[in-house]
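Remarks on the structure that follows.
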Amino acid sequence: MDLVGACRAFVHVGERGSFTVGAAAAGMSQSVASRRVAALEQHLGERLFERGSRHVRLTPFGRELLPAARRLVLAAEELAHEAATAQRRPFRLAVPDTCPAPTLARLAAAARGEGITLELRTAAPAVRPHLVRSQQVRAALVAVPPDQARWRVPLGLASVARPHARRLYLETLRPRRTDQGPLRRVWLQPEDDVPHVRDRMARLRDAVGLRPAQLSVATGLAQAAAEVFSSADLLLCSPVQAQEFGLHWRPVGELRLERTFGLMAAEESDAERLGTRLGEVLADCLGAGAEAEHENAEHAENAEDAEDAEDAENAEDDAAHTGTAGTEEEATR
């Protein structure tokens, strides 16, 4: 039995002394109100109304129960109001500041379709867990060790000049006695200034004979990209970031690097809710799975280069053929 619905019918009929008027006030038909009151009487084991031909009157038992039924109905209405307010309240989520604005907009739109109003806040890796613990946000996308990752973002090296090799090896940056210009550096973003990325790169730097200064952490992505644009330096980044800056991206030759993310929330149910409903859109924001897209773009780029080379070769052949024909014609004369 719907106890709240039955009590609502009982309260409205009891206050108005009529099933017809009471049912209309409760927003239900008279037959529904009659059935609900009858079900409530059966549930309680006593009659609530004395029914006449034109009017109904509360029994002594009904008068005793009316205040409690009224409180139950008001409590149910208050609960429904609080639930609606809670659903409209923004869900604050901290995200990496490397997430592109268009993907964040698509994330917010997808969340609305799931009945979630997202309020997004970008923050550095070390700050995002603190925001959750201090309850400034309800959840955050945080950097986690690889064995705890829910999302993985491939990392590689990006440069202004297009490399000929399919991979970039850090050992190619090793200083030589004949080098005249400044040392080439690899720039890390703050998002990658975490142990499972920074420390592995530092160990590789030392293993291949690079100098300490050749691995630097920038204050931000814009600064790191500016250093790369103005030199032969390399940027450690995802394929999506390289595409945004118009740089050429290649995987690191000596090791496989990834940004690894998880969801941290004050309530475990919040993390599960976001991960289940918005997992794919969150992956797009982070750039997870972008390496396959990069490989497709690289194949297309290689195909275009091959086609251009073939066109150039055909043009040279045509020019040579034209020159030979002209020489033969002149010799005939």
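Considering the range 208-281, the qualifying strands (runs of 3 or more DSSP E), each wholly inside and each with 3 or more residues that are closer than 28 Å to Thr117 by Cβ, run over 257-265. Just one of the listed residues (Pro96, Pro102) is at negative phi and surrounded by fewer than 18 Cβ atoms within 10 Å (Cβ to Cβ), and it is Pro102.
One line per residue, one yes/no per condition, for (1) among the hydrophobic types (A, V, I, L, M, F, W, C); (2) not in a helix (DSSP H, G or I):
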position: Gly62; (1), (2): no, no
position: Leu65; (1), (2): yes, no
position: Leu72; (1), (2): yes, no
position: Leu79; (1), (2): yes, no
position: Ala84; (1), (2): yes, no
position: Thr103; (1), (2): no, no
position: Arg106; (1), (2): no, no
position: Ala110; (1), (2): yes, no
position: Arg121; (1), (2): no, yes
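Residues that are assigned to a strand (DSSP E or B) and among the hydroxyl-bearing types (Ser, Thr, Tyr) within the range 155-196 comprise just one, Ser159. Only a single criterion out of (1) surrounded by fewer than 21 Cβ atoms within 10 Å (Cβ to Cβ); (2) at pLDDT 95 or above is not satisfied by Ala158, namely (1). Tell me the residue from Val13, Val56 that is farther than 18 Å from Val73 by Cα, surrounded by 16 or more Cβ atoms within 10 Å (Cβ to Cβ) and in contact with a Phe, Trp or Tyr (Cβ under 7 Å, 6 or more places away or on another chain), please. None of the other options fit; the residue is Val56.
Only residues that are surrounded by 16 or more Cβ atoms within 10 Å (Cβ to Cβ) and either in contact with a His (Cβ under 8 Å, 6 or more places away or on another chain) or farther than 19 Å from Pro96 by Cβ (or both) were counted in the range 209-225, giving 3. Just one of the listed residues (Leu236, Leu170, Leu204, Leu215) is among the aliphatic types (A, V, I, L, M) and either at pLDDT below 95 or more than 20 Å from Ala143 (Cβ to Cβ) (or both), namely Leu170. Condition check for His164 on (1) modelled with pLDDT under 95; (2) in contact with a Ser or Thr (Cβ under 9 Å, 6 or more places away or on another chain): one failure, at (2).
The values are calculated or read from the model by the stated rules, or taken from the named source; none is laboratory data. These numbers come from a predicted model, not from an experiment. Quick reminder, even Gly has a Cβ in these numbers, built from the backbone with ideal geometry, and neighbours come from all protein chains shown.
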